[in-house]
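Please read the structure below before turning to the comments.
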Amino acid sequence: MPEISRFYGIVIAMYFDDHNPPHFHARYGGSKAAIRIADLTISEGSLPPRVLGLVVEWATKHREELMHDWELVQSDRQPDKIQPLD
């Protein structure tokens, strides 16, 4: 699972050839969730509320890059790194 960003202990990644709808995975400590790019809601798993807020803030700023990375991993190509939340 290629890591595309890391900030505040949160790891953002995507799986190659993953299922639709377009989404990314966020891990923090023992928590993990799959988050849909279209509406930035959790489709499976869970994250602490503060962590989810940071992930949504980051993803809102990088939605186009996330969709581009989704297209890359669907073609078994390495996704681009995305700037962390600062």
- For region 39-86, how many residues are closer than 15 Å to PHE16 by Cα and without any contact (Cβ under 8 Å) to a residue 24 or more places away in the chain? 5
- Message: Please go through region 15-30 and give me each residue that is closer than 21 Å to ASP86 by Cα and either within 9 Å of the chain's Cα centre (by Cα) or part of a strand (DSSP E or B) (or both), ordered by number.
- Response: PHE24, HIS25, ALA26, ARG27, TYR28
- Query: Only one of these conditions is not met by ALA33: (1) surrounded by 14 or more Cβ atoms within 10 Å (Cβ to Cβ); (2) touching a Pro at 6+ places or on another chain (Cβ under 8 Å); (3) not in a loop (DSSP other than H, G, I, E, B). Which number is it?
  - Reply: (2)
- Inter-residue pairs, beta-carbon under 7 Å, first loosely packed, with under 15 Cβ neighbours inside 10 Å and in region 1-19, second among the hydroxyl-bearing types (Ser, Thr, Tyr) and not in a strand (DSSP E or B), 6+ apart: MET1/TYR15
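Considering only residues that are part of a loop (DSSP other than H, G, I, E, B) and hydrophobic (A, V, I, L, M, F, W, C), look in region 54-86 and name the one that is surrounded by the fewest Cβ atoms within 10 Å (Cβ to Cβ).
So, considering only residues that are part of a loop (DSSP other than H, G, I, E, B) and hydrophobic (A, V, I, L, M, F, W, C), the one surrounded by the fewest Cβ atoms within 10 Å (Cβ to Cβ) is LEU85.
Every number in this text was worked out from the coordinates using simple rules, so none of it is lab data. All values reported here derive from a predicted model rather than from experimental measurement. Here the Cβ is made from the backbone with ideal geometry for all residues, glycine too, and neighbour counts use every protein chain on show.
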